[in-house]
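Note sheet for the following structure.
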Amino acid sequence: MAFSKKILYLVLIPTFSLLVFSCSQAENGKQKSENSDAPEEIYDGPTALATFAGGCFWCIEAPFEGVDGIVSVVSGYAGGKEKNPTYSDVSGGKTTHRESVQVTFNPDIISYSEILEIFWQQFDPTDEGGSFYDRGFQYTSAVFYHDKIQKAAAEASLQKLSQSGKFDKPIVTPLIKFTNFYPAEDYHQDYYKKNPTEYYAYRTGSGRDAFIAKHWPVKLEDKYKKPSDSELKKRLTELQYQVTMHEETERAFTNDYNENKEEGIYVCIVSGVPLFSSSDKYESFSGWPSFTKPIDARVIGKPTDTAYGMMRVEVRSKLGDSHLGHVFNDGPEPTKLRYCMNSAAMKFIPKKDMEKEGYKDWLWVVD
């Protein structure tokens, strides 16, 4: 990474929680979080590892920081034969390691599939000679899968991205069985916080930011904003307003999208930011539209919800600052998560209308 090296995205304090069994226990279809303004509690839970290489490890570490469900992100060296490698040796091409990051996450809060999709958007997966400024094997990309479930998820994710038409050249990022990971020296950890000037100069100068902006939607917070409360009251129905702004829950089975099987995307009714794809929707028999994962975990907030004496993980639209539903860990493969959403919190955009509605960049996520 030559002298300097990560674009920091939306951040939120990671939260961990247990599971419950349905979107709502309120038989009248109304559920309000009475402590929504209270400080969030942090709960211990299961953890898993994800390990990636995408060139400069500073630039792969930062985008994962602060995403809900991610416990920690560590820069280091992975996949080589040498023990206890140093930065000088790895960056100088004297080892068989790649600069990498290791993500510790809570699979009850965020799935490996969601983490993969954040990873793919941080580098050029068609470059087999290095990454932007940094050339050589030590800066080539890789997904180091930790088990057969991660391998299957990575294969599916890679295949979908390869067929998306996002890139002019073939994707060359290999999927490799994880063998080892060595944390880098302390001064490399959280480099974007310790040396922001050098970090952002590197991102710009190396061409990484320009590449990402060319291939992926960026700065969503500039486009998708929460309107004023008075505007929301005019624009939304009473149910939509109460669900999104006051954490109410619509009735099961009689809502708009529970049985919707049309191809398209579901966007935040408040801000318009894309949230879920029909490709990830499934029949959960809960009575509410359910998804295995969001389109981009970085636009979703997952604070803990202790209303009604239960402990659940609420799902919120970060850019709409609005309640969407809850997420539970009783879903199907590959994520094992069930994003149980209120139809009233979303607007469905059919695939045939996505381009004219301004959602062309997300056509590839719809089968």
So is Tyr182 touching a strand residue (DSSP E or B) at 6+ places or on another chain (Cβ under 6 Å) and of a type in the set (Ser, Thr, Tyr) or not? yes
I'd like to know if region 142-160 contains one or more residues that are touching a Leu at 6+ places or on another chain (Cβ under 9 Å), part of a loop (DSSP other than H, G, I, E, B) and surrounded by fewer than 24 Cβ atoms within 10 Å (Cβ to Cβ). yes
Output for region 52-108, where each listed residue is surrounded by fewer than 24 Cβ atoms within 10 Å (Cβ to Cβ) and at positive phi: Gly66, Gly79, Asn84, Gly93
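Tally the residues that are acidic (Asp, Glu) and within 15 Å of Leu49 (Cα to Cα), restricting the search to region 118-158. Walk me through it before giving the result.
Looking only at region 118-158, we keep the residues that are acidic (Asp, Glu), and these are 124, 127-128, 134, 147, 155.
Pick out the ones that are also within 15 Å of Leu49 (Cα to Cα) and you get 147.
Qualifying residue count for the region: 1.
Return yes or no: is Ser284 within 16 Å of Ala252 (Cα to Cα) and either of a type in the set (A, V, I, L, M) or assigned by TED's automatic domain parsing to the domain that holds Ser271 (or both)? Working first, answer last.
Working: within 16 Å of Ala252 (Cα to Cα): yes; either of a type in the set (A, V, I, L, M) or assigned by TED's automatic domain parsing to the domain that holds Ser271 (or both): yes.
Spelling it out, Ser284 is indeed within 16 Å of Ala252 (Cα to Cα) and either of a type in the set (A, V, I, L, M) or assigned by TED's automatic domain parsing to the domain that holds Ser271 (or both).
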Those residues of region 320-356 which are surrounded by 22 or more Cβ atoms within 10 Å (Cβ to Cβ), outside any strand (DSSP E or B) and aliphatic (A, V, I, L, M) amount to Leu337, Ala344, Ala345
Of the numbered conditions (1) touching a helix residue (DSSP H, G or I) at 6+ places or on another chain (Cβ under 9 Å); (2) assigned to a strand (DSSP E or B), Val313 fails exactly one; give the number of that condition. (1)
Residue check for Val270: of a type outside the set (Asp, Glu) and part of a loop (DSSP other than H, G, I, E, B): yes
Kindly indicate whether any position in region 185-206 is part of a loop (DSSP other than H, G, I, E, B) and of a type in the set (Phe, Trp, Tyr). no
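Can you go through Glu259, Glu231, Glu250 and tell me which one is assigned to a helix (DSSP H, G or I) and under 23 Å from Ala345 (Cα atoms)? Let's see the steps before the verdict.
On the way: Glu259 fails: assigned to a helix (DSSP H, G or I); Glu250 fails: assigned to a helix (DSSP H, G or I).
Only one candidate passes the filter, namely Glu231.
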Among the residues in region 158-175, are any in contact with a Cys (Cβ under 8 Å, 6 or more places away or on another chain) and among the aromatic types (Phe, Trp, Tyr)? no
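The values are calculated or read from the model by the stated rules, or taken from the named source; none is laboratory data. This structure is a prediction, so every number in the text was calculated from the model and none was measured. FYI the Cβ positions are ideal-geometry reconstructions off the backbone, even for glycines, and counts take in every protein chain you see.
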